[in-house]
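Here's the structure, in structure tokens; my notes come after.
The values are calculated or read from the model by the stated rules, or taken from the named source; none is laboratory data. Quantities reported herein were computed from a predicted structural model and do not represent experimental measurements. Ideal geometry is used to build each Cβ from the backbone, glycine not excepted, and the neighbour counts take in all protein chains shown.
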Amino acid sequence: MKKMIKLFDPVVGIKEELAIRKTLKSHFWASGAGTGSVLKFENKFNQYIGSDCTVALNSGTAALHLALSLFDIRNREVVIPSLSFVSTAHAVIYNGGIPIFVDVDPNTLCIDPDQLRKSITKKTKVILPVHFAGMPCDLDEIIGLCEEFKIHLIEDAAHAVGTLYKDRKIGAHGDAVCFSFHPVKNLAMPTGGAISLNGNNAKKFKKILQSRRWCGIANRKRWTYDVNDLGWNYYMNEFSAAIGIEQLKKLDYLNNKRRKIAQEYSDKINVEAKMPFNKESSYHFYWMQVKNRERFMSKMLANNVETGIHYKPIHRMSFYKQRVNLPNTDKASEHLVSIPIHPNLSGSDIEKIIQLINKLC
Ligand SMILES: Cc1ncc(COP(=O)(O)O)c(C=O)c1O
């Protein structure tokens, strides 16, 4: 049987295996005990990003939920792109806010700052851009808008671990930046997430989040503690953190491999609309737009190459069905296809993918 080229595939080795075994044998698998991997990961990740503080959590969805909980957004508007995974919008609803969908720039598929400006009202409390597929948003423009209108910036960096923006890592700019370490992500764990915090409130926010990630528990002294806030069960576990520590060590190397593949796709794939090359991007996935998507994806699969769709826009989902005018989002999403770009691809896999696409399109 011929090998299937997967759309996503984490890079795992002996170091991850050893880390798992060590955690298993420690008999302490929750956070805050045993081998202390969660705290270690948190510190190392914070150092890597260059943020003021980091709080490790059990998913990117939890990160978005808790980051938005730092600002009272009840009945206030949070501006987001519709072209994203649904958690970006759910997190707004979890906190009693109103998601306002904004169109994307057709070249990068990141939120369009001009449309963003038009969507700001007296009720806007937070701008929540998504660094789509690992491509950095225009943060200078977005930060400028936040300062002009006194709005908070929370970034959805689920796709953007290791992405750069003007020589600093994504995560070093916004008030709160949310990462996902879902197994398909560039830094893979069984499940995991984190919030990077910056600015004058970073330390205060870290304390609040440490309590909210574990049921509101605070002031632990030996076997006693108090609960002075509502919290959730969102802490990262020791297995995830132990794997994350190993994944973090090779993240830049693996992201550079992704960038090299992106450069090749950019040069050699003969499709008009495709993800541009930008050496700052971490290329979580590589998107292109094709005319007959169903046929294209079926043919790719028949040739043992998995592809995917990122995303059906959130405003088109039954739960969110909204009549908003997002022409770039709607136009792109009808034709979007993601193709494999993970670092496990061999030279011949990459060659095969390019040749197949050029034959089919
Ligand atoms: C843009 C975006 N935001 C948030 C999330 C949620 O992350 P998680 O799956 O870790 O909860 C994802 C996950 O795929 C995502 O792609």
**Any hit, the stretch 75-95, residues being among the hydroxyl-bearing types (Ser, Thr, Tyr), over 15 Å from the mean Cα position of the chain (by Cα), modelled with pLDDT of 95 or more and within 20 Å of residue 212 (Cα to Cα)** = yes
**Message:** On the basis of being under 16 Å from the mean Cα position of the chain (by Cα) and of a type outside the set (Gly, Ala, Ser), does residue 58 make the cut?
**Reply:** yes
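Looking at residue 255, is it surrounded by 14 or more Cβ atoms within 10 Å (Cβ to Cβ), modelled with pLDDT of 95 or more and in contact with a Pro (Cβ under 6 Å, 6 or more places away or on another chain)?
No, not satisfied.
Condition test on residue 66, is it assigned to a helix (DSSP H, G or I), away from the ligand (no atom under 11 Å from the Cβ) and either more than 19 Å from residue 195 (Cβ to Cβ) or not β-branched (Val, Ile, Thr) (or both)?
On the way: assigned to a helix (DSSP H, G or I): yes; away from the ligand (no atom under 11 Å from the Cβ): yes; either more than 19 Å from residue 195 (Cβ to Cβ) or not β-branched (Val, Ile, Thr) (or both): yes.
Yes, satisfied.
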**Asked** How about the stretch 177-197: which of its residues are among the aliphatic types (A, V, I, L, M) and either near the ligand (Cβ under 7 Å from one of its atoms) or touching a residue at least 60 places away in the same chain (Cβ under 8 Å) (or both)?
**Response** 177, 184, 187, 188, 194, 195, 197
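Restricting attention to the stretch 155-176, which residues are hydrophobic (A, V, I, L, M, F, W, C), within 12 Å of the ligand (Cβ to nearest atom) and either touching a residue at least 40 places away in the same chain (Cβ under 8 Å) or more than 18 Å from residue 85 (Cβ to Cβ) (or both)?
Hits for the stretch 155-176 are 158, 160, 161.
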**Prompt:** Can residue 100 be described as of a type in the set (Val, Ile, Thr), more than 16 Å from the ligand (Cβ to nearest atom) and touching a Ser or Thr at 6+ places or on another chain (Cβ under 7 Å)?
**Reply:** yes
**Message:** Given the criteria modelled with pLDDT of 95 or more and surrounded by fewer than 20 Cβ atoms within 10 Å (Cβ to Cβ), does residue 260 qualify?
**Reply:** yes
**Request:** Test each condition in (1) of a type in the set (A, V, I, L, M); (2) surrounded by 23 or more Cβ atoms within 10 Å (Cβ to Cβ); (3) assigned to a loop (DSSP other than H, G, I, E, B) for residue 12 and report the one that comes out false.
**Result:** (2)
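Residue 135: within 13 Å of the ligand (Cβ to nearest atom) and over 25 Å from residue 104 (Cβ atoms), yes or no?
no
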**Request:** Go through the residues of the stretch 293-310 one by one and say whether even a single one is under 14 Å from residue 101 (Cβ atoms) and not charged (D, E, K, R).
**Result:** no
**Message:** Residues that are buried (at least 19 other Cβ atoms within 10 Å of the Cβ), free of Cβ contacts under 8 Å to residues at least 60 places away in the same chain, over 15 Å from residue 151 (Cα atoms) and under 18 Å from the mean Cα position of the chain (by Cα): does the stretch 104-111 have at least one?
**Reply:** yes
**Fill in**
Only one of 80, 98 is in contact with an Asp or Glu (Cβ under 9 Å, 6 or more places away or on another chain), surrounded by fewer than 22 Cβ atoms within 10 Å (Cβ to Cβ) and of a type outside the set (S, T, N, Q), namely 98
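Every residue, every condition in (1) more than 16 Å from the ligand (Cβ to nearest atom); (2) surrounded by fewer than 18 Cβ atoms within 10 Å (Cβ to Cβ), yes or no:
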site	(1), (2)
270	yes, yes
283	no, no
293	yes, yes
298	yes, yes
307	yes, no
311	no, no
322	yes, yes
**Message:** Report every pair of residues separated by at least 6 positions or lying on different chains whose Cβ atoms are under 7 Å apart, first residue within the stretch 114-127 and more than 13 Å from residue 81 (Cα to Cα), second crowded, with 18+ Cβ neighbours inside 10 Å and aromatic (Phe, Trp, Tyr).
**Reply:** 125/71
